[in-house]
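Notes follow the structure.
The values are calculated or read from the model by the stated rules, or taken from the named source; none is laboratory data. Quick caveat, the model's predicted, so the values are computed rather than measured. Note that we place each Cβ from the backbone using ideal geometry, even for glycine, and neighbour counts take in every protein chain shown. Side chains included, ligands, DNA and RNA excluded: accessible areas come from the protein's heavy atoms. Shrake-Rupley method; radii C 1.70, N 1.55, O 1.52, S 1.80 Å.
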Amino acid sequence: MFIKFGLLSLPLSFIKIFSRNECCERLAYYGMGTNLVNYLEKRLGMGTAKAATSVSNWSGTCYATPLIGAFLADAYLGRYWTIAIFSIVYVLGMTLLTLTASINGLKPHCDSSGCNATASQRAACFVALYLIAVGTGGIKPCVSSFGADQFDETDETERKKKSSFFNWFYMSINVGALIASTVLVWMQMNVGWNWGFGVPAVAMAIAVVFFFSGSKLYRLQKPGGSPLTRIAQVVVASIRKCKVKIPADKSLLYETADEECNIQGSRKLEHTNKLGFFDKAAVESETDRAKELPSPWSLCTVTQVEELKSVIRLLPIWASGIVFATVYSQMSTMFVLQGNTLDQHMGPNFKIPSASLSVFDTASVLFWAPIYDKLLVPLARRFTGHDRGFTTLQRMGIGLALSIFSMVVAGILEVVRLGTVRKNNYYDLEYIPMSIFWQVPQYFIIGCAEVFTFIGQMEFFYDQAPDAMRSLCSALSLTTVALGNYLSTLLVTVVTKVTKKNGNLGWIPDNLNRGHLDYFYWLLAVLSVINFLVYVWIAKWYTYKKATGRAQ
């Protein structure tokens, strides 16, 4: 399963290298993305709704391209080389973005009346952004799986540490995000966008250096060939044998005799009773027995069939994360735009950029992640008897429930804010005399929800994915964020179009003081409640995979 290099203390050595790498990479990503809506609105001259949807579309693409990187990692390159190659693409994108904010001709012309960006300048900016989206597509699906690969599942001590690894991995992400949402956002708003984008570009270059510095220590998993081909073979073989009767004794289904699985880098999977139609692919016909090597398009192993079943079982859980991701995406769009209308002063001379409020989401993660690992898990273990305190499904469900409250709190704040506007006729006032720090609770609650849902999701998709499809399944989990951003874009577009009928300004006009952003938050809260109830029903249905034997 693994090529092993280096030291016996590999997991500890790797975590030190990897945490630095991930911290720098996330600093680069969030340093560029956290405040992007303001850059598009103020420097590229986009309207409020268009800037928000552009950020949602770009962010969504960043979480959709991992499907490409994951396929290459699982099928051909392996996780190490996929991360290495796409990291270089990432650095090129960050460099180009910095140039578009620094060089005359590429950067928009700004004067006292505002900024005017040409079509070519906007194009250059978006080319850079989507290069970054491609680069991150090769990194995101591989990094957490690559980290978990460093823990030997045959070693009891390392296996126990792997669960904690996901918590600390996510914390390293948020340390980078913390620096990005404070220092870098302030730098962008007060020093210049050239420095605000340049520093993240340097951070990404440092991340690449950290990654390569640990090359001799890593455990490298061998790619197992195209997982999509194996899935297609099961589907085709099942259809070809649709009239074949499945034996009552499931031990008669076809499987290799060796302890090792015939799929490179994978353990065998035990048979499960659900989705029985696909078992037909593992039924040996007389034609199959007559051949020394039956075609994989007519006869598949039980493990190959169970690979497909595992992916199908993951899909409903995957779908339930889309609405949560939609809620999460509001931090970089509607929360920022809402914060732009509030008093941003900290003392008489210092203003905090509205995008920097995401620091409280980050602080919440940094607060709750160790508490979950060191306090909640041991406490829950006493009542549940489960090694991890909560199952990964229970952990994700708690996060989905918390996300409902974040939208409720954001909606209440907007009701109060609009009440202040109406009472004092502040419709055309740029900043309402309400402190921006009233937004802190909604950020803090989302941060707490992240610790449960996103970390639980990473662990769940790694554990429940077939061994040779872990990158692809990690990418699948990331696409919930992509679809969440796209769903946010769709909701904003539909809501804007519908609510602007008959000459109305709509819920989300450029001047939010004349809109009803609170109605949009209520809509998300209702969708979150429905999503949570559906998730509970799905989780009760789920069957965990059972691996056996060892990988070749």
| For segment 94-111, does any single residue satisfy the condition of being surrounded by fewer than 22 Cβ atoms within 10 Å (Cβ to Cβ), farther than 20 Å from ALA482 by Cα and acidic (Asp, Glu)? | yes
| task | Residue by residue through segment 507-524, note down the ones that are in contact with a helix residue (DSSP H, G or I) (Cβ under 8 Å, 6 or more places away or on another chain), buried (at least 18 other Cβ atoms within 10 Å of the Cβ) and either in a loop (DSSP other than H, G, I, E, B) or of a type in the set (Gly, Ala, Ser) (or both). | result | TRP507, ILE508, PRO509, HIS516
| note | Listed by first then second residue, the pairs whose first member lies in segment 525-552 and is closer than 24 Å to ASP467 by Cβ and among the charged types (D, E, K, R), whose partner is at pLDDT below 95 and open to solvent by 80 Å² or more (accessible area, probe 1.4 Å), with beta carbons under 8 Å and at least 6 positions apart or on separate chains, are LYS546/GLU270; ARG550/THR154; ARG550/GLU259
| If you scan segment 293-326, which residues turn out to be hydroxyl-bearing (Ser, Thr, Tyr), closer than 20 Å to LEU393 by Cβ and at pLDDT 90 or above? | SER320
| Where THR65 falls short, out of the listed (1) of a type outside the set (Phe, Trp, Tyr); (2) more than 21 Å from TYR130 (Cβ to Cβ); (3) within 18 Å of the chain's Cα centre (by Cα); (4) open to solvent by 20 Å² or more (accessible area, probe 1.4 Å) | (2)
| request: Inspect segment 259-277 for any residue being open to solvent by 20 Å² or more (accessible area, probe 1.4 Å), among the polar types (S, T, N, Q) and in contact with a strand residue (DSSP E or B) (Cβ under 7 Å, 6 or more places away or on another chain) and give the result as yes or no. | output: no
| field | Options SER310, SER285: the member that is buried (at least 17 other Cβ atoms within 10 Å of the Cβ) and either among the hydroxyl-bearing types (Ser, Thr, Tyr) or in the same structural domain as ARG79 (by the TED database) (or both) | value | SER310
| message | Being open to solvent by less than 30 Å² (accessible area, probe 1.4 Å), among the aliphatic types (A, V, I, L, M) and modelled with pLDDT under 85: is that true of ALA117 here? | response | yes
| query | Taking segment 391-407, which residues are in contact (Cβ under 8 Å) with a residue 40 or more places away in the chain, out of contact with any Asp or Glu (no Cβ under 6 Å at 6 or more places or on another chain) and open to solvent by less than 50 Å² (accessible area, probe 1.4 Å)? | reply | LEU393, ARG395, MET396, GLY397, GLY399, LEU400, ALA401, LEU402, SER403, ILE404, SER406, MET407
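Would segment 93-112 turn up any residue that is among the hydrophobic types (A, V, I, L, M, F, W, C) and touching a strand residue (DSSP E or B) at 6+ places or on another chain (Cβ under 7 Å)?
The first filter runs over segment 93-112 and keeps only residues among the hydrophobic types (A, V, I, L, M, F, W, C), leaving 94, 96-97, 99, 101, 103, 106, 110.
Imposing the further condition that a residue be touching a strand residue (DSSP E or B) at 6+ places or on another chain (Cβ under 7 Å) reduces the set to 101.
Scanning segment 93-112, I find at least one residue that is among the hydrophobic types (A, V, I, L, M, F, W, C) and touching a strand residue (DSSP E or B) at 6+ places or on another chain (Cβ under 7 Å), so the answer is yes.
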| task | Return the total of residues in segment 87-136 being farther than 30 Å from ALA73 by Cα and in contact with a Cys (Cβ under 6 Å, 6 or more places away or on another chain). | result | 2
| query | Within the set of pairs 6+ apart or on separate chains, which have a first residue in segment 365-388 that is in the same structural domain as ILE445 (by the TED database) and surrounded by 15 or more Cβ atoms within 10 Å (Cβ to Cβ), a second that is in a helix (DSSP H, G or I) and among the acidic types (Asp, Glu), and C-beta atoms under 8 Å apart? | reply | VAL365/GLU450
| task | Restricting attention to segment 74-103, report how many residues are closer than 28 Å to ASN38 by Cβ, in a helix (DSSP H, G or I) and among the polar types (S, T, N, Q). | result | 4
| Which is assigned to a helix (DSSP H, G or I) and in contact (Cβ under 8 Å) with a residue 24 or more places away in the chain, of ALA70, ALA51? | ALA70
| Going by the conditions given, is MET189 within 29 Å of GLU450 (Cβ to Cβ) and either under 22 Å from the mean Cα position of the chain (by Cα) or of a type in the set (Asp, Glu) (or both)? | no
